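Asks: My questions will all concern the structure given below.
Just so it is clear, none of the values below were taken in a lab; they were calculated from the coordinates. In this text, all values refer to a predicted model and were calculated from it rather than measured experimentally. Neighbour counts are summed over all protein chains in view; Cβ atoms, including those assigned to glycine, are modelled from backbone coordinates with ideal geometry.
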Amino acid sequence: MSQAALSASDSGGSRARAGPRLRSYLRWCAAVITLALVAVSFVPNSLAQGSSPTEFQVEAAYLYQFGNFVTWPSSAQAEHPKQFTICVLGRDPFGSALDEMVKGSAIGGLPILAKRIASAKDATSCRVVFLSSSEDRHLEADMDDLHGSSVLTVSSIPDFDSRGGMIQFVLIDRRVRFEINLAAAQKAGLKLSSQLLKVAVVVRGGRGSKE
């Protein structure tokens with residue numbers, strides 16, 4: 001099976017509100033991950049005249065979809081029985097794109113909520129935490145605060161997956177891809193789907209690694 005790829009244009013204008021065409025495209029990208037997990041490098045004809053998604057809008061689509069490929073321990077599910085919260089820590093690069101992605105959606109029957117937090121200590125209600133690039137200099141302290149929690153950590157900070165993070169976004173040929181630190185995820189009690197591991201460009205540590 002070929003690996004999934006999502007096209008990304010320059011990040012300028014990433015804070016602009018996602019229009020109907022763009023939101024449809026981002027949901028289409030998420031559907032591709034769910035249904036096929038195959039490489040996609042084209043825009044559907046019906047959206048050819050719409051705006052191309054930016055790097056951060058594609059990352060928002062991934063954040064929206066990751067929850068379908070991760071199983072949290074029963075203790076985490078019991079602590080957050082009413083909603084599935086995706087949190088952004090630090091300076092928010094997504095604008096309204098993440099909110100548009102999750103609007104009216106659910107994972108495991110739970111409505112998805114996008115939330116901004118000021119400190120890693122505020123992540124107690126989060127299933128997924130995206131650490132913004134503004135957190136680079138605070139990363140060690142952030143990871144210490146998140147230690148022991150069953151939270152999926154995601155970032156585009158350089159070397160994030162080798163600094164204790166679980167999923168790191170990387171740009172390859174201007175396409176957003178991701179690397180996985182499987183050992184970190186397993187240590188937190190998270191089980192990552194084999195489909196997710198197959199589509200990652202690198203999987204470090206743990207069973208199923210591909211370095």
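Asks: Let me check against my output: what whole-number percent is the relative contact order of the stretch 108-211, with C-alpha pairs under 8 Å and at least 6 apart? The partial results should precede the final answer.
Replies: Details: 149 pairs, mean separation 18.6, N = 104.
With pairs under 8 Å counted, the relative contact order is 18 percent.
Asks: Here's another thing I want to ask about it. Using each residue's phi in the stretch 125-140, evaluate 6.51 cos²θ - 1.76 cosθ + 1.60 at θ = phi - 60° and report the 3J(HN,Hα) Karplus result to the nearest Hz, with x for Gly and Pro.
Replies: Here the 3J(HN,Hα) series is 9, 9, 8, 10, 10, 9, 9, 5, 4, 5, 8, 3, 6, 9, 4, 4 Hz.
Asks: So what J values fall out for the stretch 94-103 if you push phi through Karplus, 6.51 cos²θ - 1.76 cosθ + 1.60 with θ = phi - 60°, rounded to Hz, Gly and Pro as x?
Replies: Working through the residues one at a time gives 8, x, 8, 4, 5, 4, 5, 4, 8, 4 Hz.
Asks: List the residues, sorted by chain then number, that are 5 or more residues from VAL176 or on another chain and whose placed amide H is less than 5 Å from its amide H.
Replies: LEU6, ALA8
Asks: Using a ≥ b ≥ c from the Cα gyration tensor of the stretch 52-211 (square roots of the eigenvalues), is it rounded, prolate or oblate, where a/c under 1.5 gives rounded and otherwise the larger of a/b and b/c decides, a/b for prolate? Write out the running numbers ahead of the final one.
Replies: Details: a/c = 1.18, a/b = 1.05, b/c = 1.12.
Verdict is rounded for the stretch 52-211.
Asks: If each residue's Cβ is checked for other Cβ atoms within 10 Å, how do GLU59, GLU179 rank with the fewest at the top?
Replies: Details: GLU59 26, GLU179 20.
Final ranking by Cβ density, sparse to dense: GLU179, GLU59.
Asks: Please list, by residue number, every one of the chymotrypsin sites (Phe, Trp or Tyr not before Pro) in the stretch 118-199 that is coil in DSSP and has at most 12 other beta-carbon atoms within 10 Å.
Replies: Working: sites: PHE130, PHE160, PHE169, PHE178; in loops: none.
Counting only loop positions with at most 12 other Cβ atoms within 10 Å, none of the chymotrypsin sites (Phe, Trp or Tyr not before Pro) in the stretch 118-199 qualifies.
Asks: Sticking with this structure for a sec: Projected onto the charge dipole of the stretch 43-179 (+1 at Lys/Arg Cβ, -1 at Asp/Glu Cβ, origin at the Cα centre), which of GLY90, SER125, TYR64 gives the Cα projection farthest towards the positive end?
Replies: TYR64
Asks: Within a 10 angstrom radius of the beta carbon, how do LEU63, LEU197 rank from fewest other beta carbons to most? Please list the in-between numbers first.
Replies: Details: LEU63 27, LEU197 18.
Result, fewest neighbours first: LEU197, LEU63.
Asks: Under the rule a/c < 1.5 gives rounded, and otherwise a/b versus b/c splits prolate from oblate, where does the stretch 80-175 land using the Cα gyration tensor? Show your work: numbers first, answer last.
Replies: Details: a/c = 1.76, a/b = 1.25, b/c = 1.41.
Oblate is the answer for the stretch 80-175, as a/c is 1.5 or above yet b/c matches or exceeds a/b.
Asks: If you don't mind, another one. What list of ³J(HN,Hα) couplings, whole Hz, do you get for the stretch 117-122 from phi and the Karplus terms 6.51, -1.76, 1.60, once you set θ to phi - 60° and write x for glycine and proline?
Replies: 10, 8, 9, 4, 5, 8
Asks: Now, a different point. Straight-line reach from LYS103: which lysines have a Cα under 24 Å away, not including same-chain ones fewer than 8 places off?
Replies: The reachable lysines, counting only those whose Cα sits under 24 Å from LYS103, are LYS82, LYS115.
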